[in-house]
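A.B. asks: Quick one: structure below, then a few questions.
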Amino acid sequence: MGIGDFNNDGLQDIYFSGNEVSNKLYLNMDHFKFTDITEVAGVNGAGRWSRGVSVVDINNDGLLDIYVCASLAKDSKRRENLLYINKGIDANGVPRFQNMAAEYGLNDSFGKYSLLISSAAIPHRTRS
């Protein structure tokens, strides 16, 4: 899950990564009301098994972008990571995104270049 103000309206929006379901982006309408803008925004996860999300303004344009780590699929194309670049906000206040992971060199599926996002703790082991 990633939380950020994707349309710069001062309200925190929510992006959920999915694996057996599509990823979802919910726009905060205020007072705990959210609208699903996934398809319009273009961030459904493209059928990937999504394992993690990072929210960052990677191109420093004042708009939050979404990085999605994908894994586990046998087909290597479905393991390619996604980098949704926020291309701007339309007249309805909906942010529009474009997957540009390849352009940023982040679409690799554990080959030459990789970015691993993990929330698992690594236990400390002592040698005897």
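A.B. asks: Enumerate the calculated ³J(HN,Hα) couplings along the stretch 45-59 in order (Karplus 6.51 cos²θ - 1.76 cosθ + 1.60, θ = phi - 60°), each rounded to whole Hz, writing x wherever the residue is Gly or Pro.
C.D. replies: x, 6, x, 7, 8, 7, 10, x, 9, 10, 10, 7, 8, 5, 9
A.B. asks: Taking the alpha-carbon set of the stretch 1-71, what are its Rg and Dmax in Å?
C.D. replies: Values for the stretch 1-71 (Cα only, Rg and Dmax): 11.8, 35 Å.
A.B. asks: Excluding Y26 itself, calculate the net charge of residues whose Cβ lies under 13 Å from the Cβ of Y26, where each Lys or Arg counts +1 and each Asp or Glu counts -1.
C.D. replies: -3
A short reminder: the numbers here are calculations on the coordinates, not readings from a lab. Note that the structure is a prediction, hence the values are computed from the model and not measured. Note that each Cβ is placed from the backbone with ideal geometry, even for glycine, and that neighbours are counted across all protein chains shown.
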